[in-house]
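K.L.:
This structure is in structure tokens; I'll ask about it shortly.
The values are calculated or read from the model by the stated rules, or taken from the named source; none is laboratory data. All values derive from a computational prediction rather than experimental measurement. Virtual Cβ from ideal backbone geometry, glycine too; neighbours counted across all protein chains shown.
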Amino acid sequence: MSAIYILWKRELIRYFRSRARLVGSLGQPLLFLVALGFGLGPIFQKAGQGNYFQFLGPGVICMGILFTGVFAGIQVIWDRQFGFLKETLVAPISRFEIMFGKTLGGATVAFIQGCFVLVLTMVVGFRVQNFLMLPLALVAMFLIALFFTALGISIASILEDMQGFQLILNFIVQPVFFLSGALFPLTGVVSFLSVIAYFNPLAYGVDAVRGSLTGVTHFGLATDFTVLIVICLIVLALGSYLFSKVEA
């Protein structure tokens with residue numbers, strides 16, 4: 001447990017020491033909130049869907065978590081290229097502890113990022129409908145962070161090239177985000193998009209955060225949290241196996 005704590009603490013220190021990363025990571029969520037919120041908000045309201053900020057806010061929160069979490073895998077490749085990973089791997093601790101410590105640290109960073117974006121959405125115009133449900137939303141945010149951080153580290157475990165990692169993640173991350181219901185309602189969409197949403201892990205995360213903060217869900221909170229917990233366990237097991245095969 002001490003090794004997991006040390007690796008977790010190391011990731012947090014890296015994050016808070018990089019002020020440029022801390023501030024710059026809020027740029028994309030702010031752009032989506034301003035450009036889409038004010039740009040499409042009137043159209044969304046005229047279509048009878050209500051306040052677009054109330055719909056968009058949870059999606060942007062999940063976007064911030066998604067990108068921060070999944071790109072935690074870059075640190076694994078970076079450490080491998082500069083020899084830091086070799087020093088970690090020769091330590092008398094299990095590969096699972098190393099992987100879980102890095103995943104927990106990256107997930108905590110992504111979760112903190114999501115909390116910052118949550119505050120940002122509230123400044124722009126989003127309103128939490130029931131603050132008693134806020135802890136449930138925070139749990140959903142952490143599960144999303146845990147899943148995508150573990151996914152990023154799993155992919156990084158089988159790659160040695162930084163460019164290849166970025167290309168694969170962009171190929172995965174962009175469709176996962178845009179087809180998750182973060183930007184548009186899944187109710188009434190064409191059938192093939194609805195089918196894709198059922199197999200999209202982020203769709204359940206967005207729905208859980210939105211349902212907790214606004215009271216509006218597509219799949220239902222029980223389904224959302226069940227799926228999130230199950231896929232987190234699966235990807236952690238997969239990541240542990242792949243990381244056990246890593247050669248520094």
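K.L.:
Considering only residues of segment 126-148 that are touching a residue at least 60 places away in the same chain (Cβ under 8 Å) and over 17 Å from the mean Cα position of the chain (by Cα), which is surrounded by the most Cβ atoms within 10 Å (Cβ to Cβ)?
P.N.:
Top of the filtered list is Phe126.
K.L.:
In segment 188-199, is there at least one residue being closer than 29 Å to Gly41 by Cβ and within 18 Å of the chain's Cα centre (by Cα)?
P.N.:
Residues of segment 188-199 that are closer than 29 Å to Gly41 by Cβ, as a first pass: 188-198.
Those left that are additionally within 18 Å of the chain's Cα centre (by Cα): 197-198.
Yes; the residues of segment 188-199 include at least one that is closer than 29 Å to Gly41 by Cβ and within 18 Å of the chain's Cα centre (by Cα).
Results for (1) aliphatic (A, V, I, L, M); (2) assigned to a helix (DSSP H, G or I); (3) modelled with pLDDT under 75; (4) on the phi < 0 side of the Ramachandran plot, shown as yes or no for each residue.
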site	(1), (2), (3), (4)
Trp8	no, yes, yes, yes
Gln28	no, yes, no, yes
Ile61	yes, yes, no, yes
Gly69	no, yes, no, yes
